[in-house]
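A.B. asks: Take this structure first; my questions come after.
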Amino acid sequence: MAQYLSVSFEDDLDGTGRLSVRADSAGFSGSSAAYFDVQRLTEFAEALGTYPLPDLHVKIAGGFWSTDAQRLEQEHVAVAVGRWVAGATWACRST
């Protein structure tokens, strides 16, 4: 069985859009989507182009936010790229 991570974006043309993620690995598969601010996605993509990565990892997450927009109460999509273990290879994780 092929292992893959597929990420697609549908622009709503109002400064936001839907980021959809599908993954299949080692017998697990799943998909989800969340809406993001286009500027935030652009900043995430630009950070991925930086070498070495500015932090241990670069992450973007979306879903249902609290009413005061201070915390993510339900995470629907998260994509993080970075180095999690000293000496390990670079990896991409999606939840």
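The values are calculated or read from the model by the stated rules, or taken from the named source; none is laboratory data. Keep in mind that this is a model prediction, so the values were computed, not measured. Reconstructed Cβ throughout: ideal geometry from the backbone, glycine too, with neighbour counts over all protein chains shown.
A.B. asks: Please go through the range 21-33 and pick out each residue that is loosely packed, with under 15 Cβ neighbours inside 10 Å, in contact (Cβ under 8 Å) with a residue 12 or more places away in the chain and assigned to a strand (DSSP E or B). Let's see the steps before the verdict.
C.D. replies: Of the residues in the range 21-33, the ones loosely packed, with under 15 Cβ neighbours inside 10 Å are 25-31.
Now drop any that are not in contact (Cβ under 8 Å) with a residue 12 or more places away in the chain, which leaves 25-27.
S25 - this is the single residue of the range 21-33 that is loosely packed, with under 15 Cβ neighbours inside 10 Å, in contact (Cβ under 8 Å) with a residue 12 or more places away in the chain and assigned to a strand (DSSP E or B).
A.B. asks: Looking only at the range 47-71, count every residue that is without any contact (Cβ under 8 Å) to a residue 12 or more places away in the chain and either surrounded by fewer than 12 Cβ atoms within 10 Å (Cβ to Cβ) or acidic (D, E) (or both) and tell me the total.
C.D. replies: Residues of the range 47-71 without any contact (Cβ under 8 Å) to a residue 12 or more places away in the chain: 47, 49-52, 54, 65-71.
Checking the rest, the ones that are also either surrounded by fewer than 12 Cβ atoms within 10 Å (Cβ to Cβ) or acidic (D, E) (or both) come to 49-52, 54, 66-71.
Summing the residues that are without any contact (Cβ under 8 Å) to a residue 12 or more places away in the chain and either surrounded by fewer than 12 Cβ atoms within 10 Å (Cβ to Cβ) or acidic (D, E) (or both) in the range 47-71 gives 11.
A.B. asks: A further question follows. Here are some residues: F44, F36. Which one is aromatic (F, W, Y), outside any helix (DSSP H, G or I) and either at pLDDT 90 or above or surrounded by 14 or more Cβ atoms within 10 Å (Cβ to Cβ) (or both)?
C.D. replies: Details: F44 fails: outside any helix (DSSP H, G or I).
Among F44, F36, only F36 is aromatic (F, W, Y), outside any helix (DSSP H, G or I) and either at pLDDT 90 or above or surrounded by 14 or more Cβ atoms within 10 Å (Cβ to Cβ) (or both).
Quick grid of which residues meet (1) more than 14 Å from V77 (Cα to Cα); (2) at pLDDT below 95; (3) not hydrophobic (A, V, I, L, M, F, W, C):
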| site | (1), (2), (3) |
| --- | --- |
| M1 | yes, yes, no |
| R22 | no, yes, yes |
| S25 | yes, yes, yes |
| L48 | yes, yes, no |
| Y51 | yes, yes, yes |
| K59 | no, yes, yes |
| G62 | no, yes, yes |
